[in-house]
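Student: Take this structure first; my questions come after.
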Amino acid sequence: MNKQDCQLYDLCQGNLAGAQTLRLSGLKNIPDEVFDLADSLEILDLSNGFLSSLPAQMSKLKKLRILFCSNNRFEEVPEILSDCKELSQIGFRANSIKKISEDALPQKLRWLIVTQNNLSTLPNALAERPLLQKLMLSGNELTGLPEGLQNASALELLRLSANRLEYLPPWLSNLPSLAWISWSGNPLEPNITINAQNHISWNALEIGTMLGQGASGHVYESKWLPAHDEPMVPVAVKIFKGAMTSDGMPKSEIITSLNAGKHENLLGAIGRVADHPSGQEALVLPLLPKGWEILANPPDFFSCTRDIYEPEFRIEPEKALEILRCITRAMVHLHSNAILHGDLYAHNILWDISEGQAVLSDFGAACGVPENADIDGWTKIEVRALGLLIEELASHFKSENNLVIKLKEISVACIQANCSWRPQMREILDFISELSRKGCCSIA
């Protein structure tokens, strides 16, 4: 009996009184005993089942904050959810949802995941949810966005990849809180193909131990034989899990990462694996030296859009400045190639803890700026993401000095609500580079 079967058994036996979290899979109907937890249940995961509706008793779950119903058979988001007064995070990934009615969304909604469904339209009511921060819409059939969404002043992260969008509304780049956006795999994106020279044979690789994994795939320490008369080269190989992630399609990540070109502060791709034995998509990446670490962990249920740093994490302002110089250089390079990274986060930054050198990784949300678009407007979305990164690092400084004051000033300029007043990424790089040349002791 697996863990979730045990939970179902314990639930039906009345052994879960006071439970705050409940995970049940394979359900055709929701057991009545779930609603016996009305006074305690906060997180309910009903993913991987056969559900197509939710009962009216859902409104009894007065403390429910988080609901996941992914990989079921829903064709619409149930309207009963609007009666769940504390519900703030909803996930209906990989169903068959065609409709979200104006009355289906709870007032405290912060985070909505409807990735990989059949939505062609969205309700204007999304803009009437003042706490909405995170909206995951990749893998649908959207041809446009509701005009009301331009009033979503708290929206920070938006995923639009793999839809049918032919244009982006001008107001989208002016949303005051938006910091992370992706639209890869839509008709509006420039058409880019992969050069055959970027193909690497699976037979030329020796796959070693797993280095880590994320939402889209597993990364392995590996060796690559570039040519028969050359020595093996240490590399990393990313093998994608499937055809769709919350950020978009693996093919889009591969194309964008190869198109980005080489840069010392980007963990870009060396090549695409052309003949994986199982037909899976895979990328060959540079292998970083030992001692490099991820700067932070991804957001959790509570932080929503903010990374999680280790409790003991503290950093010298001078090392933080070097990290920011490296990452800003990478962003200037991407923007000069009309590419948005889409996921400028500490959890996508790897750094050398001894020197502060850093690289930006993970092109899963990267996308090409449409031709003839206002690239300055779109890149200022990522200026806000950089400002939030500076703000986070500043909260973990080991000491206070004039450098800290200057960095906080940069952060304030980057995250201001009026997008047109934010500095350009190139201006930020020039300022940070000047701080680096002066050194913190001489900064006035």
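The values are calculated or read from the model by the stated rules, or taken from the named source; none is laboratory data. The structure presented is a predicted model; accordingly, all values stated were derived computationally and were not measured. Positions of Cβ are generated from backbone atoms using ideal geometry, with glycine treated the same way; all protein chains shown enter the neighbour counts.
Student: Sort out which residues of region 367-400 are part of a loop (DSSP other than H, G, I, E, B) and closer than 24 Å to residue 311 by Cβ, and write them in order of number. Break it down stepwise before answering.
Tutor: Let us first name the residues in region 367-400 that are part of a loop (DSSP other than H, G, I, E, B), namely 369-374, 395-396, 398-400.
The answer is 395, 396, 398, 399, 400.
Student: Report whether or not residue 181 is crowded, with 17+ Cβ neighbours inside 10 Å and either small (Gly, Ala, Ser) or at pLDDT 95 or above (or both).
Tutor: yes
Student: Tell me whether region 242-254 contains one or more residues that are hydrophobic (A, V, I, L, M, F, W, C), surrounded by 21 or more Cβ atoms within 10 Å (Cβ to Cβ) and either more than 17 Å from the chain's Cα centre (by Cα) or not in a loop (DSSP other than H, G, I, E, B) (or both). Outline the logic, then answer.
Tutor: Filtering region 242-254 down to residues hydrophobic (A, V, I, L, M, F, W, C) leaves 243-244, 249, 254.
Still in the running and surrounded by 21 or more Cβ atoms within 10 Å (Cβ to Cβ): 249, 254.
From the residues that got through so far, the ones that are either more than 17 Å from the chain's Cα centre (by Cα) or not in a loop (DSSP other than H, G, I, E, B) (or both) too are 254.
Yes, some residue in region 242-254 is hydrophobic (A, V, I, L, M, F, W, C), surrounded by 21 or more Cβ atoms within 10 Å (Cβ to Cβ) and either more than 17 Å from the chain's Cα centre (by Cα) or not in a loop (DSSP other than H, G, I, E, B) (or both).
Student: Mind listing whichever residues of region 11-54 are surrounded by 15 or more Cβ atoms within 10 Å (Cβ to Cβ) and either outside any loop (DSSP other than H, G, I, E, B) or not assigned by TED's automatic domain parsing to the domain that holds residue 76 (or both)?
Tutor: Matches in region 11-54: 11, 22, 23, 33, 34, 35, 36, 37, 43, 44, 45.
Student: If I filter region 184-196 for residues that are free of Cβ contacts under 8 Å to residues at least 12 places away in the same chain and either surrounded by fewer than 22 Cβ atoms within 10 Å (Cβ to Cβ) or not polar (S, T, N, Q) (or both), do I get at least one hit?
Tutor: Yes, region 184-196 has at least one match.
Student: For region 343-366, how many residues are part of a loop (DSSP other than H, G, I, E, B) and touching a Gly at 6+ places or on another chain (Cβ under 8 Å)?
Tutor: Step one: of region 343-366, the residues part of a loop (DSSP other than H, G, I, E, B) are 343-345, 353-357, 361-366.
Now restrict to residues that are touching a Gly at 6+ places or on another chain (Cβ under 8 Å): 343, 353-354, 362-366.
Of the residues in region 343-366, 8 are part of a loop (DSSP other than H, G, I, E, B) and touching a Gly at 6+ places or on another chain (Cβ under 8 Å).
Student: Further question on the same structure: I'm trying to understand the selection: among the residues of region 58-79, which are exposed (fewer than 15 other Cβ atoms within 10 Å of the Cβ) and under 18 Å from residue 103 (Cβ atoms)?
Tutor: In the first step, residues of region 58-79 are kept if they are exposed (fewer than 15 other Cβ atoms within 10 Å of the Cβ); the result is 62, 73, 75, 79.
Answer for region 58-79, where residues must be exposed (fewer than 15 other Cβ atoms within 10 Å of the Cβ) and under 18 Å from residue 103 (Cβ atoms): 75, 79.
Student: Filtering region 198-239 down to residues that are exposed (fewer than 14 other Cβ atoms within 10 Å of the Cβ) and either within 16 Å of residue 253 (Cα to Cα) or assigned by TED's automatic domain parsing to the domain that holds residue 115 (or both), which residue is farthest from the chain's Cα centre (by Cα)?
Tutor: 199
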